[in-house]
1. Note the full-extension length gain between GLU110 and ALA365 as 0.36 nm times their separation in residues minus their Cα-Cα distance, in nm to one decimal.
2. Relative contact order for the chain: what is it in percent, counting Cα pairs under 8 Å that are at least 6 residues apart?
3. Can you tell me how region 31-143 classifies by the Cα gyration tensor, rounded, prolate or oblate, using a/c under 1.5 as the rounded cut?
4. Distance from a point 7 Å along Cα→Cβ of ASP48 to each backbone N in region 196-220: keep the residues under 20 Å and list them by number.
5. If you average the C-alpha positions of region 137-164 and of region 54-89 separately, how far apart do those two centres end up, in angstrom?
6. Return the Cα extents of the chain along principal axes one, two and three, sorted largest first, each rounded to a whole Å.
7. Roughly speaking, to the nearest percent, how much of the chain's 1.4 Å accessible area is carbon and sulfur?
8. Quick one: of the DSSP bridges fully inside the chain, what percent are antiparallel, nearest 5?
Amino acid sequence: MGVFYPTSTESKLKHYTQVFPTAEIDSTFYAFPQSGTVLGWNRFSPKDFIFCAKIPQTITHDKLADIGPSLESELDRFAELMLPLNNSGKLGCLLLQMPPKYKYDLNHLESFLSVLPHGFKYAIEFRHKSWLQDSTWPILSKYNVAYTIVDEPLLPPEVHVTADFAYIRWHGHGQRPWYDYHYTEKELESWVPKVKEIEPSVKAIYGYFNNHFHGYAVENALKILQMLGKLSPAQREALNRAKAHLEKGKGPEGLGEWVRGGDDRPKIIDLLSSLMGESRLARALAIPDEDVSIKIATSEEVVAKIRDYNLTMESGPKTITHDCGDWERSIETRQLCKHVGKVLLSLPEKIALGWVTQIHEDTDAWRFQKPMGKVITT
């Protein structure tokens, strides 16, 4: 069992691997990860650590309709990126999360599965109820593709074993986003017999909690391991720390109100949480809207003033120029400060999503800098 874990930094990965033996990597919602990032995952993770990677939406959404050379080329490109993990035995499988509009069509499904690159294992997550019928499972079994068993509001938590491994994703039952949700002990206990039912039929079970706001995923993943009798001493200690963290409070104030504003907002918050941490995100949300003045807001450039500070972001040269006291520390830690976070939260949603996505997909490529000739004081 693990948590949904999209970060690529060495320090965060080392900290994570002390507790969990596996991680699910979301390829930044839309884009391919950088080859250097994948090499970093391979290099800085323990020898027996296992990654599972979600195939980008450019494949599962944008190119899915027309199965042909363009789709196959994208699949081959992603498979090549994942080869370092696969060759070292650290890649469990590749996850195909299909779009909600992808409805039951066995001919199309088989055509798609038949062009998947060889040498990898795959799990598929359907998000339309039409696929939940008996004729679906033999096709998946034919290609040894695991049906992704899900816990979410729109699909029933049916258990189907269609490969020599199983894949489970706990998304939560919150309200926009679903994954802002803390599973109760009773809800987790209901999954214990299902997991035990699957175990004798497969070589491995990959289970991931996607409810990662506020540390819920960490506590829930460790709790179900405890219920299954598989908790190590190090994990027991981590479980106690996770419980103590949750007892202090439920994270950023204003988060629930903010995400209700539009469909892209949960993704923006999700990525910002990774880029700046929950405590800074909370402070960003607490800054009054009237403290922000946006002068330019495009996908290429953002110029803004927040309180007495200035911010300029340029997508071409990948630079973020800012002048608050916390920013000097951000230059070293590679985390956004509360002022940058607040400006991003103040942009039109589509523009904000574009900025946080491109910063998140390759943070190391961005230059965090202060204005030339300006001395920052704290």
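1. Computed gain between GLU110 and ALA365 is 87.9 nm.
2. 12
3. Because a/c hits 1.5 or more and a/b exceeds b/c, region 31-143 counts as prolate.
4. From region 196-220, the list is 199-200, 202-208.
5. 21
6. The Cα atoms of the chain stretch 65, 50, 39 Å along their principal axes.
7. Result for the chain: 50 percent of the exposed heavy-atom area is carbon or sulfur.
8. 30
The values are calculated or read from the model by the stated rules, or taken from the named source; none is laboratory data. This structure is a prediction, so every number in the text was calculated from the model and none was measured. Neighbour counts run over all protein chains shown; Cβ positions are idealised from the backbone, glycine included. Each accessible area value is taken on the protein alone, full model and side chains, heavy atoms only, with ligands, DNA and RNA left out. Shrake-Rupley method; radii C 1.70, N 1.55, O 1.52, S 1.80 Å.
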